[in-house]
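Read the structure below first, then the notes.
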């Protein structure tokens with residue numbers, strides 16, 4: 001909802017496994033009530049679709065989730081289940097808070113949400129009940145010292161001691177993010193700060209979305225921007241806008257594009273037939289069908305000469321030349337013509353880009369040389385020297401020379417966290433592997449998604465048919481349920 005990260009913030013709200021579908025339904029009803037979700041209106045069905053998919057997947061695998069891990073240092077208290085009851089262990093595997101709850105969530109700002117018989121409250125790190133079980137609380141984590149509560153049908157906020165600090169007065173309310181929380185009343189949306197002040201008044205009839213530090217405004221078919229303090233950077237006067245990137249936003253009046261700075265000043269005049277957002281200091285612009293690249297000052301860094309031009313990534317950009325060929329251009333304007341035809345090219349990472357040739361995927365370098373011949377059915381960008389590839393439904397890993405580091409024999413391989421990844425077998429179980437492909441555990445763990453299942457500070461939460469536990473980077477248990 002905030003920062004254009006709808007899916008991130010509302011699909012990673014996994015709570016207690018017997019409560020997830022109810023939570024999804026609650027959110028769905030609320031969003032539909034507010035007319036946020038409508039398949040007939042572009043973009044508005046994405047959230048519900050994502051929630052439905054995640055909810056279905058969670059119910060199918062029947063897994064336990066504890067919500068997001070708090071950002072910052074690895075958590076010192078880790079949630080676990082023992083014979084259907086939840087508690088917390090420390091990083092040495094010692095039980096610190098006995099398992100007596102029906103569900104728990106990770107600690108945030110010194111408080112963890114706990115549940116017993118559909119009622120919620122909060123404990124501190126000693127296990128002391130700081131906020132007793134009460135109606136109106138739900139699966140929420142503290143943020144900016146606040147958490148939503150419903151009293152007599154209205155939303156407000158309590159503090160870490162359970163005191164009502166923002167009067168229940170809203171028809172809906174979300175958690176705080178970067179100092180603001182989205183609220184609504186009588187069909188209008190706005191944003192409050194942790195003191196309850198309406199920083200951005202209730203004025204939007206559709207849910208507003210921040211992209212970075214700016215909110216798009218729309219009125220009468222015209223577009224403008226507002227910042228996080230509620231200041232109108234630019235009133236709605238443009239026919240089209242793109243999001244701010246590197247301090248500038250592409251804007252258009254009629255058929256001409258220019259760039260607005262963060263103060264609302266037109267920093268680069270409206271003179272282009274097309275304009276993209278800035279990336280790595282340059283933006284593609286066009287006049288009369290020819291594209292080139294601007295710098296932040298509005299000077300042409302690379303002259304207008306291409307029939308099409310894409311964004312820069314890793315210091316190069318894909319361009320289409322007037323003779324119909326394609327090439328790569330660097331920031332100095334040097335062009336390397338690609339002497340092979342291809343259907344698609346992904347952005348460069350670590351000096352290589354995925355390229356699709358004849359229905360197969362390979363990798364090309366910045367000089368236009370095919371480093372890895374197109375032989376794979378799927379291929380992903382490089383990350384710390386390795387890339388996941390697949391052929392005939394089996395996944396493995398290659399290095400930047402194309403050498404197969406991990407044989408293509410797994411049904412799936414996740415991305416690496418702390419130099420560890422999950423490799424899946426045909427039965428849907430996974431094992432932990434290192435960057436050399438060495439198996440550190442048997443194929444015994446159940447699939448799951450969410451931040452609480454990756455490695456954090458050398459430990460990872462795992463589940464199997466008979467229980468749950470935590471393993472270290474060598475695949476050894478530091479704790480497991482009996």
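What to note about this one:
- Sorting the segments 103-114, 265-276 by their residues' average number of neighbouring beta-carbon atoms within 10 angstrom, most packed first, yields 103-114, 265-276.
- On the beta carbon distance between residue 465 and residue 150, with R0 = 45 Å, the FRET formula returns roughly 0.75.
- In this label model, residue 367 and residue 415 are separated by 3.0 nm, measuring between points 7 Å along each Cα→Cβ vector.
- Simple label model, 7 Å out from Cα along Cβ direction - residue 477 to residue 334, nm: 5.7 nm
- Computed on the Cα trace of region 113-191, the radius of gyration divided by the Kirkwood hydrodynamic radius gives Rg/Rh = 0.98.
- Here r is the Cβ-Cβ distance between residue 307 and residue 85 and R0 is 45 Å; the resulting FRET efficiency, rounded to 0.05, is 0.10.
- Per-residue [θ]222 nm for the chain (sum of -39500 (n - 2.57) over DSSP H runs n ≥ 4, rounded to 500): -2500 deg cm²/dmol
- For Cα Rg over 2.2 N^0.38 Å, calculated from these coordinates, the label among (i) 1.32; (ii) 0.98; (iii) 1.11: (iii)
- Computed from the C-beta positions of residue 443 and residue 383, the FRET efficiency with R₀ = 25 Å rounds to 0.60.
- Each 5 Å bin from zero up to the one holding the largest Cα-Cα distance in region 214-339 carries the following percent of pairs: 2, 12, 21, 21, 16, 12, 8, 5, 2, 1, 0.
- Stretching residue 213 away from residue 76 to a fully extended chain increases their span by 46.1 nm, per 0.36 nm per residue minus the current alpha-carbon distance.
- Compared with the direct C-alpha span, the chain from residue 229 to residue 253 gains 6.0 nm at full extension, assuming 0.36 nm per residue.
- Extension gain, residue 243 back to residue 263 (0.36 nm per residue minus Cα-Cα distance, nm): 5.8 nm
- Kirkwood-based shape ratio for region 340-400, expressed as Rg/Rh from alpha carbons: 0.93
- Label-to-label distance, residue 161 versus residue 290, with points set 7 angstrom from Cα along the beta-carbon direction: 7.1 nm.
Each value in this text was obtained by applying a stated rule to the coordinates, not by laboratory testing. Just so it is clear, the model here is predicted, and its values are computed rather than measured. Note: ideal-geometry Cβ built from the backbone for every residue, glycine included; neighbour counts use all protein chains shown.
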